Amino acid sequence: MSTISGAFGTERARRLRAALITAVVAAVVVYAPFYLAPFQVFQLTMVLLYAVALAGLNLLVGFGGQISLGHGAFFAAGAYTAAVMLDRYGTGHLATLPVAAAGCFLLGLGFGVPALRLRGLHLALVTLSFAVFLPPLLKRLEPVTGGSMGLTVNKPEPPAWSGLAEDQWTYFVVLAVAAVALLLARNLLESRVGRALRAVRDNESAAEVMGVRLSLHKTLAFAWSSMFAGVAGCLYTWVIGFVSPDSFGFVLSITLLAALVVGGLGSLYGPLLGGAFVMYVPSVSQDISEAAPGVVFGLLIITVMFVAPTGLAGLPVRVLSAVTRRPLRTAGPPDGTPEAAPGTEAEPRSRAGSTASAPLPAADPSVVDAEPVGAPPRTEKE
């Protein structure tokens, strides 16, 4: 009975702790734009939209076990969908969001079908080729995309009743979309789709034996991942107000994958940490060395990988395990018995245990046929 009550108490404490942390984080996130400078508010907004893109990439790479180096291309597709709708057709900003999401979902669905027979480096090369040839294609479609000059669009204007500045209003809009997207990603991972993706990632043969349709779930992983990237690209157009082909080179795809690995593959909090890494670390690298910021950026990635091999999301658990393991090395035996002096062997706890573990001596041929003590003498017949 005490065990059950203790378990319920522990579960209740865990829920209260999670609710308290959520409330504190929500308060900080809501009040942050009122205390920060406009440029800092812009940085937080970029962190949120990068987190949306990384949440989709996490579905594909972290939970689906597939490699993609072309996520920046889907990001660009969503950005240009929103920019073309705003510039050419004069639609509202909110109307571009579902169109970009649906278009990128279909694009990922079509791209995932031929990628079914590929895996590992072959799949990575195919996705990288998509990220490489898309910017030149956008330059060729000048009547629609504006060519190399790109497109300039208006940013979302805050309503008069809100009393917010433009950067604050954009921040709250992106925050709302990011919250819905991250909640959707979490629900997907906790559903049958998420369990199927984990099974495919761990062992495809075993997943197929259990009834998981590999082709369906692999294709859906690409589709969902592309949809999240398209939503992030649409938010990018809202925040920046300008798109050009040079903004979506293949370096963006590699940076997104590196940010996900640094944040934590297969972690629900990894996309947020990866988004912060993408936004703030290049700025820090530029401040440290204006001549070679890329070198500093690479060294910081290497340092993070050495300190936290599982990503920044797994760093607290790693530190906690190291702290809790250290006292056990210096403390005495758990049962209170004194430790042996240096250079001497500890006395066995029981004679029976010592006898059972000690090796048996070899049999002496001279005493193999010896008579037992107290036995009658043998006769000649015997």
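The values are calculated or read from the model by the stated rules, or taken from the named source; none is laboratory data. Not measured: the values here are computed from a predicted model. Neighbour counts run over all protein chains shown; Cβ positions are idealised from the backbone, glycine included. Accessible surface areas use protein heavy atoms only, side chains included; no ligands, DNA or RNA. Shrake-Rupley method; radii C 1.70, N 1.55, O 1.52, S 1.80 Å.
Couple of notes before you dig in:
- Evaluating HIS122 against the criteria (1) at pLDDT 90 or above; (2) open to solvent by 30 Å² or more (accessible area, probe 1.4 Å) leaves one unmet condition, (1).
- Cβ-Cβ contacts under 7 Å between residues 6 or more apart (or on different chains), taken from a first residue in region 65-92 that is open to solvent by 30 Å² or more (accessible area, probe 1.4 Å) to a second residue that is of a type in the set (D, E, K, R), are listed as GLY65/ARG201.
- Those helices (runs of 4 or more DSSP H) of region 191-307 in which 1 or more residues are charged (D, E, K, R) and surrounded by fewer than 18 Cβ atoms within 10 Å (Cβ to Cβ) occupy 192-202, 204-209, 270-288.
- Exclusive hit being at pLDDT below 80, within 16 Å of the chain's Cα centre (by Cα) and closer than 30 Å to PRO114 by Cβ, set GLY270, GLY263, GLY211, GLY194: GLY194
- Within the option set ALA178, ALA165, being of a type in the set (Gly, Ala, Ser), touching a residue at least 40 places away in the same chain (Cβ under 8 Å), open to solvent by less than 70 Å² (accessible area, probe 1.4 Å) and within 21 Å of TYR50 (Cα to Cα) holds for one residue only, ALA178.
- Residue match in region 95-116 (condition: open to solvent by less than 50 Å² (accessible area, probe 1.4 Å), of a type in the set (Ser, Thr, Tyr) and under 25 Å from ILE240 (Cα atoms)): yes
- Checking each residue in region 181-190 for being open to solvent by 60 Å² or more (accessible area, probe 1.4 Å) and among the aliphatic types (A, V, I, L, M) picks out LEU183, LEU184.
Per-residue answers, yes or no, for (1) touching a helix residue (DSSP H, G or I) at 6+ places or on another chain (Cβ under 7 Å); (2) within 25 Å of LEU214 (Cα to Cα):
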residue: LYS139; (1), (2): yes, no
residue: PRO156; (1), (2): yes, no
residue: ALA176; (1), (2): no, no
residue: ARG192; (1), (2): no, yes
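- Exactly one residue out of SER148, SER129 is touching a Gly at 6+ places or on another chain (Cβ under 8 Å), more than 16 Å from THR237 (Cβ to Cβ) and of a type outside the set (A, V, I, L, M): that is SER129.
- Members of region 142-161 found to be open to solvent by less than 100 Å² (accessible area, probe 1.4 Å) and small (Gly, Ala, Ser), listed by number: GLY146, GLY147, SER148, GLY150
- Hits in region 47-81 - residues which are in contact with a Phe, Trp or Tyr (Cβ under 7 Å, 6 or more places away or on another chain) and hydrophobic (A, V, I, L, M, F, W, C): LEU49, VAL52, ALA53, ALA55, LEU59, LEU60, ALA73, PHE75, ALA76, ALA79
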